[in-house]
Amino acid sequence: MTPIPTGRLFRTDTGSDLVLTRTFRALADDVWASLTEPERTARWFGPWEGDGRPGRTVKVQMVFEEGEPWAEVSIEACDPPRRLALSMADEAGSWRMELLLSEVDGVTELRLVHHLDTEEGIGEVGPGWEYYLDMLLASRAGKPLPSFDDYYPSQKAHFDSLATAVEL
């Protein structure tokens, strides 16, 4: 399998946003459940435990990462089934992101927006999000999960080029 990278970079007044999009033939409520219910997130990202309300912190086990570490994730905003804003910090840095859903005629678009503090390292971050979003697609379809080796390092150049592109 050779997945094609879809990530785009948008420069804003406050930094840069890495945006990746996936489309589902499903209602927004169902896709939302795949993003927020622990037994469903366990299928493609990892289970979580705690009080999943805005202003609270949950623990997420990243079962598809080496060592299956647990990470603390803060719920910044939660507007079911449209917007989930999260932040976390680990040895790789700080992460601020939003999951945005929009539905039209039973088709839901998911936009993952990673608010970057720096564009440095985007060549590693971007392929990871492509991988996880494709894990979400596969888990929902009951298909075999992809291998991270199909995403990295092959997609690194695409994401690195986003950071070096000059806006006109």
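The values are calculated or read from the model by the stated rules, or taken from the named source; none is laboratory data. Quantities reported herein were computed from a predicted structural model and do not represent experimental measurements. Note that each Cβ is placed from the backbone with ideal geometry, even for glycine, and that neighbours are counted across all protein chains shown. The protein model used for the area step is the full one, side chains on, heavy atoms only, and it has no ligands, DNA or RNA in it. Shrake-Rupley method; radii C 1.70, N 1.55, O 1.52, S 1.80 Å.
What number of residues in segment 86-109 are acidic (Asp, Glu), farther than 21 Å from residue 135 by Cβ and assigned to a strand (DSSP E or B)?
Residues in segment 86-109 being acidic (Asp, Glu), farther than 21 Å from residue 135 by Cβ and assigned to a strand (DSSP E or B): 1 in total.
For segment 41-53, name all the residues that are among the aromatic types (Phe, Trp, Tyr) and open to solvent by 30 Å² or more (accessible area, probe 1.4 Å).
Passing the criteria: 45, 48.
If you scan segment 4-40, which residues turn out to be in contact with a Phe, Trp or Tyr (Cβ under 6 Å, 6 or more places away or on another chain), over 15 Å from residue 113 (Cα atoms) and open to solvent by less than 20 Å² (accessible area, probe 1.4 Å)?
Within segment 4-40, 31 is the sole residue that qualifies.
Here are 133, 162, 145: which of them is assigned to a helix (DSSP H, G or I) and within 17 Å of residue 22 (Cα to Cα)?
When all the criteria are applied, what remains is 133.
Looking only at segment 103-113, decide whether some residue is without any contact (Cβ under 8 Å) to a residue 24 or more places away in the chain and either within 17 Å of residue 17 (Cβ to Cβ) or not small (Gly, Ala, Ser) (or both).
The answer is yes, given that some residue of segment 103-113 is without any contact (Cβ under 8 Å) to a residue 24 or more places away in the chain and either within 17 Å of residue 17 (Cβ to Cβ) or not small (Gly, Ala, Ser) (or both).
Report, by residue number, each residue of segment 65-79 that is open to solvent by less than 70 Å² (accessible area, probe 1.4 Å) and either hydrophobic (A, V, I, L, M, F, W, C) or out of contact with any strand residue (DSSP E or B) (no Cβ under 7 Å at 6 or more places or on another chain) (or both).
69, 71, 73, 75, 77, 78
Would you say residue 149 is acidic (Asp, Glu), over 21 Å from residue 97 (Cβ atoms) and open to solvent by 40 Å² or more (accessible area, probe 1.4 Å)?
In short, yes.
Take the conditions touching a Cys at 6+ places or on another chain (Cβ under 6 Å) and either at negative phi or not acidic (Asp, Glu) (or both) and apply them to residue 84. Does it pass?
Judged against the criteria, residue 84 is a match.
Per-residue answers, yes or no, for (1) under 18 Å from residue 10 (Cβ atoms); (2) of a type in the set (D, E, K, R); (3) at pLDDT below 95:
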{"residue": "130", "(1), (2), (3)": "yes, yes, no"}
{"residue": "136", "(1), (2), (3)": "no, no, no"}
{"residue": "141", "(1), (2), (3)": "no, no, no"}
{"residue": "149", "(1), (2), (3)": "no, yes, no"}
{"residue": "154", "(1), (2), (3)": "no, no, no"}
{"residue": "157", "(1), (2), (3)": "no, no, no"}
{"residue": "160", "(1), (2), (3)": "yes, yes, no"}
{"residue": "163", "(1), (2), (3)": "yes, no, yes"}
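Among the candidates 96, 56, 82, which residue alone is out of contact with any Gly (no Cβ under 9 Å at 6 or more places or on another chain), basic (Lys, Arg) and surrounded by fewer than 18 Cβ atoms within 10 Å (Cβ to Cβ)?
The unique qualifying residue is 82.
Assuming residue 112 fulfils every condition listed in (1) part of a strand (DSSP E or B); (2) open to solvent by 60 Å² or more (accessible area, probe 1.4 Å); (3) hydrophobic (A, V, I, L, M, F, W, C) apart from one, which condition is it?
So the condition that residue 112 fails would be (2).
Report, by residue number, each residue of segment 123-136 that is closer than 15 Å to residue 64 by Cα and surrounded by fewer than 18 Cβ atoms within 10 Å (Cβ to Cβ).
Of everything in segment 123-136, just one residue is closer than 15 Å to residue 64 by Cα and surrounded by fewer than 18 Cβ atoms within 10 Å (Cβ to Cβ), namely 135.
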